[in-house]
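J.: Take this structure, written in structure tokens, and hold onto it; I'll ask about it next.
The values are calculated or read from the model by the stated rules, or taken from the named source; none is laboratory data. Owing to the predicted nature of the structure, the values given are computational and were not obtained by experimental measurement. All Cβ positions, glycine included, derive from the backbone under ideal geometry; neighbour counts span all protein chains shown.
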Amino acid sequence: MKKGWKGGGAFLAALLCSVMLLMSASSPAAAAAGAGVIESNASYHARRTFGTGLYDPVSNKTYVTYSGPVMDVYVKAFDHGANAWEPAVRIKV
């Protein structure tokens, strides 16, 4: 990235979301094996009790992802300059 490039935070957030969604995608065989036993929106990747984060020095924000209610994926940013969390955004697929 070029120094001073605007929008770097949004790009990194979108990239992080894309990677997390690809990692959480289940195979059709795994979904069929759990039919009737596991909810249709269950995730088949490693289950963590905490999210994944990435610091973006251009925007001076740390972006975190986590699973919310009914396994929806959320992204939230901590603005280090303002020392405050921004509102969470639910990723729609």
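J.: Scan segment 53-93 residue by residue and report those that are in contact with a Lys or Arg (Cβ under 7 Å, 6 or more places away or on another chain), in a loop (DSSP other than H, G, I, E, B) and either under 12 Å from residue 13 (Cβ atoms) or modelled with pLDDT of 85 or more (or both).
T.: Selection gives 80, 86, 88.
J.: Also, quick follow-up: Across segment 55-72, which residue is nearest to residue 90 (Cα to Cα) among those that are β-branched (Val, Ile, Thr) and touching a Ser or Thr at 6+ places or on another chain (Cβ under 8 Å)?
T.: The first filter runs over segment 55-72 and keeps only residues β-branched (Val, Ile, Thr), leaving 58, 62, 64-65, 70.
Cutting the leftovers down to touching a Ser or Thr at 6+ places or on another chain (Cβ under 8 Å) gives us 64-65.
Numbers: 64: 12, 65: 10 Å.
Out of the qualifying residues, it is 65.
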